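Novice: I have a structure I would like to understand better, so I am pasting it below and will then ask my questions one at a time.
The values are calculated or read from the model by the stated rules, or taken from the named source; none is laboratory data. Note that the coordinates shown come from a computational prediction; the quantities given were computed from them, not determined experimentally. No Cβ is skipped: glycine too gets one built from the backbone with ideal geometry, and neighbour counts run over all protein chains shown.
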There are 2 protein chains.
Amino acid sequence: MFPRHIKFAALAVDVAALSFIDGALNVRLVTTQVPVFKGKRALPGALIRPHETAHEAAVRVLEEKAGVSVKYLEQVCTFSTINRDPRGRVVSVAYMALLSPDELRAVKAREMHGAAWVPLSRIPHLAYDHDEIIQTTAARLRGKIEYTDIIRHLLPQAFTLTELQEACETILEHPLDKRNFRKKLLAQGIVKQTGKSAHASAHRPAALYMFTASRKGAVDLI
Amino acid sequence: MFPRHIKFAALAVDVAALSFIDGALNVRLVTTQVPVFKGKRALPGALIRPHETAHEAAVRVLEEKAGVSVKYLEQVCTFSTINRDPRGRVVSVAYMALLSPDELRAVKAREMHGAAWVPLSRIPHLAYDHDEIIQTTAARLRGKIEYTDIIRHLLPQAFTLTELQEACETILEHPLDKRNFRKKLLAQGIVKQTGKSAHASAHRPAALYMFTASRKGAVDLI
DNA sequence: AGGTAGTAGTGTATCATGGACACTAATGTT
DNA sequence: AACATTAGTGTCCATGATACACTACTACCT
């Protein structure tokens, strides 16, 4: 219904999928096959198809390139710089995906060649403007950790309070006081005991907690 | 460089330009000429051109349809629902623009037919998904007012503290305490006196203030 | 079995911040 | 000169934030 010259750009999504691995925040990277960037690392992405929304495309990318059906997916920003893709004009909608260790196991089960989890601290220079996308996404996550319970999507269904605290500390990049952290957390009723204990370590077992039903309003987590 | 069938969608920007008029937050609306929505109100928007970014397109829309060169423009969200535009697939990047009364005078100088400022409380049902865009934009503004000094873009270069407080109250939709408001504001050093006074009313003149240089970090405004 | 190493779990005292609250000051108008 | 109206100011209290150190529990080792 629009003349052809109006449709000059391709539409894409790029997804920064984040997950904790060995206590560090990792992002899922793939290896580009596009000639100009041949061999370079990039975020998983794909062109949006005529019959899907950007959100649906992001879900598909995660399924195809990370082999996971993600539970938390949030639009971050749209990048429309003219020469951001050497193949032609591509406008890309960036998404942040958060994966819990539970979901991560499904990824590991069917590992794909050329794709890998890379700690945020060791990310190489990426293809396209993906460096910028990751910076923007990480900043968004860091901001939301303080006033939402977004961290729940990065933790397993059951977790110890120490694990939760370490997750927050990793993202905020500064230590938190154990007693104050627990006091506030329990006062807000964000988590509750499962009744079970973790017996993973060779020491005193920690009580396992789970998140309570998500609140409608904002929470004051940290 | 991409095959033609990849470029199936048109790209657009829609801009929610906000400004205070008579103490109320208003948004700039135009009247659609598109047959399906003929006569309906909508946000000013336009298709992105091949040689401009979304941001540049938003700037252009404001110049063409609101007659103003805006100082504050922020990307809000990208809408990609498949049938959001009856003319065909259009993916739209929504922007929030904030105009000070100073900038507003330039708009009034060359008023355009079919365009008008409408108080947020009296917005009719709009064309496309523009109702949703306005809701999202207003929510973004309300959220940012508390932890940034974004309000500065909605005020004139010089203003009284009462004006500043009323602006915050209007956006937050609840009253603030005069003394506490001033205490916090001055403690943070966000504003400073200009040395001049407003002699507009028939009563005690108020001191005129201006914002200090924008801080790098977040401020705790309210 | 007893000791050791290592993590889990708990409370108080102080300090800073946020919120409630009411009067005096300055100006133009009558 | 009195009045009407808006501008401008400080204290007290409650709440939340922070600093801080010991006991409890378990597996492992000998």
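Novice: Specify which of the listed residues (A:VAL68, A:VAL90, A:VAL61) is buried (at least 16 other Cβ atoms within 10 Å of the Cβ) and touching a Leu at 6+ places or on another chain (Cβ under 7 Å).
Specialist: Just one listed residue meets the conditions, A:VAL68.
Novice: Also: In the stretch A:183-222, which residue that is basic (Lys, Arg) and more than 19 Å from A:ILE150 (Cβ to Cβ) is nearest to DNA strand D (Cβ to nearest atom)?
Specialist: Among those that are basic (Lys, Arg) and more than 19 Å from A:ILE150 (Cβ to Cβ), it is A:ARG204.
Novice: Please go through the stretch B:180-222 and pick out each residue that is in a loop (DSSP other than H, G, I, E, B), under 18 Å from B:LEU154 (Cα atoms) and in contact with a strand residue (DSSP E or B) (Cβ under 9 Å, 6 or more places away or on another chain).
Specialist: B:ILE190, B:THR212
Novice: Could you tell me whether any residue of the stretch B:135-157 is touching a Lys or Arg at 6+ places or on another chain (Cβ under 9 Å), over 30 Å from B:PHE79 (Cβ atoms) and not basic (Lys, Arg)?
Specialist: No; the residues of the stretch B:135-157 include none that is touching a Lys or Arg at 6+ places or on another chain (Cβ under 9 Å), over 30 Å from B:PHE79 (Cβ atoms) and not basic (Lys, Arg).
Novice: For the stretch A:56-78, which positions are among the hydroxyl-bearing types (Ser, Thr, Tyr) and at pLDDT below 95?
Specialist: A:SER69
Novice: Only residues that are β-branched (Val, Ile, Thr) and over 14 Å from A:MET96 (Cα atoms): list them for the stretch A:12-61, please.
Specialist: Matches in the stretch A:12-61: A:ILE21, A:VAL30, A:THR31, A:THR32, A:VAL34, A:VAL36, A:ILE48, A:THR53.
Novice: Would you confirm, using the coordinates I've provided, whether A:THR148 is farther than 30 Å from B:ILE48 by Cα, within 14 Å of chain B (Cβ to nearest Cβ) and surrounded by 15 or more Cβ atoms within 10 Å (Cβ to Cβ)?
Specialist: Yes.
Novice: Still on this structure, I have one more. For A:THR53, indicate whether it is surrounded by fewer than 20 Cβ atoms within 10 Å (Cβ to Cβ), at pLDDT 95 or above and closer than 24 Å to A:ALA139 by Cα.
Specialist: no
Novice: What's the number of the only condition in (1) touching a Ser or Thr at 6+ places or on another chain (Cβ under 8 Å); (2) within 16 Å of DNA strand C (Cβ to nearest atom) that B:LEU155 fails to meet?
Specialist: All conditions are met except number (2).
Novice: Keeping to the stretch B:57-99, report how many residues are within 14 Å of chain A (Cβ to nearest Cβ), among the small types (Gly, Ala, Ser) and over 19 Å from A:ASP14 (Cα atoms).
Specialist: Counting residues in the stretch B:57-99 that are within 14 Å of chain A (Cβ to nearest Cβ), among the small types (Gly, Ala, Ser) and over 19 Å from A:ASP14 (Cα atoms) gives 3.
Novice: So is B:LEU176 aliphatic (A, V, I, L, M), within 16 Å of DNA strand C (Cβ to nearest atom) and either surrounded by fewer than 16 Cβ atoms within 10 Å (Cβ to Cβ) or under 24 Å from B:ALA206 (Cα atoms) (or both) or not?
Specialist: Criteria met by B:LEU176.
Novice: On the given criteria, is A:ILE6 hydrophobic (A, V, I, L, M, F, W, C) and surrounded by 18 or more Cβ atoms within 10 Å (Cβ to Cβ)?
Specialist: In short, yes.
Novice: Could you look through the stretch A:29-50, keep only residues that are surrounded by 19 or more Cβ atoms within 10 Å (Cβ to Cβ) and in contact with a Pro (Cβ under 6 Å, 6 or more places away or on another chain), and pick out the one that is nearest to A:ARG152 (Cα to Cα)?
Specialist: Here the residue is A:VAL30.
Novice: Just checking, does the stretch B:167-179 include any residue being part of a helix (DSSP H, G or I), acidic (Asp, Glu) and outside the structural domain of B:LEU29 (by TED's automatic domain parsing)?
Specialist: Among the residues of the stretch B:167-179, at least one is part of a helix (DSSP H, G or I), acidic (Asp, Glu) and outside the structural domain of B:LEU29 (by TED's automatic domain parsing), which makes the answer yes.
Novice: Name the residues in the stretch B:17-56 that are touching a residue at least 40 places away in the same chain (Cβ under 8 Å), more than 10 Å from chain A (Cβ to nearest Cβ) and under 30 Å from A:ASN83 (Cβ atoms), would you?
Specialist: Of everything in the stretch B:17-56, those that are touching a residue at least 40 places away in the same chain (Cβ under 8 Å), more than 10 Å from chain A (Cβ to nearest Cβ) and under 30 Å from A:ASN83 (Cβ atoms) turn out to be B:ALA17, B:LEU43, B:PRO44, B:GLY45.
Novice: Among (1) within 14 Å of chain B (Cβ to nearest Cβ); (2) surrounded by 17 or more Cβ atoms within 10 Å (Cβ to Cβ); (3) more than 14 Å from the chain's Cα centre (by Cα), where does A:GLU163 come up short?
Specialist: Condition (1) is where A:GLU163 drops out.
Novice: Also: Could you tell me whether the stretch B:125-132 includes any residue that is surrounded by 13 or more Cβ atoms within 10 Å (Cβ to Cβ), farther than 20 Å from B:SER100 by Cα, within 14 Å of chain A (Cβ to nearest Cβ) and away from DNA strand D (no atom under 16 Å from the Cβ)?
Specialist: For the stretch B:125-132, residues surrounded by 13 or more Cβ atoms within 10 Å (Cβ to Cβ), farther than 20 Å from B:SER100 by Cα, within 14 Å of chain A (Cβ to nearest Cβ) and away from DNA strand D (no atom under 16 Å from the Cβ): present.
Novice: Could I ask something else about it? Scan the stretch A:171-186 and report the pairs whose first residue is farther than 29 Å from A:THR137 by Cβ and within 14 Å of chain B (Cβ to nearest Cβ) and whose second residue is within 11 Å of DNA strand C (Cβ to nearest atom) and of a type in the set (Gly, Ala, Ser), with Cβ atoms within less than 8 Å and a gap of 6+ or a chain change.
Specialist: If the second residue must be within 11 Å of DNA strand C (Cβ to nearest atom) and of a type in the set (Gly, Ala, Ser), no pairs are left.
Novice: Can you say whether B:LEU141 is among the hydrophobic types (A, V, I, L, M, F, W, C) and either under 20 Å from A:HIS55 (Cβ atoms) or surrounded by 19 or more Cβ atoms within 10 Å (Cβ to Cβ) (or both), as far as the supplied structure shows?
Specialist: Yes, satisfied.
Novice: Mind listing just one residue for me: the one in the stretch B:206-222 that is modelled with pLDDT of 95 or more and within 15 Å of DNA strand C (Cβ to nearest atom) and, of those, surrounded by the fewest Cβ atoms within 10 Å (Cβ to Cβ)?
Specialist: Within the stretch B:206-222, the match that is surrounded by the fewest Cβ atoms within 10 Å (Cβ to Cβ) is B:ALA207.
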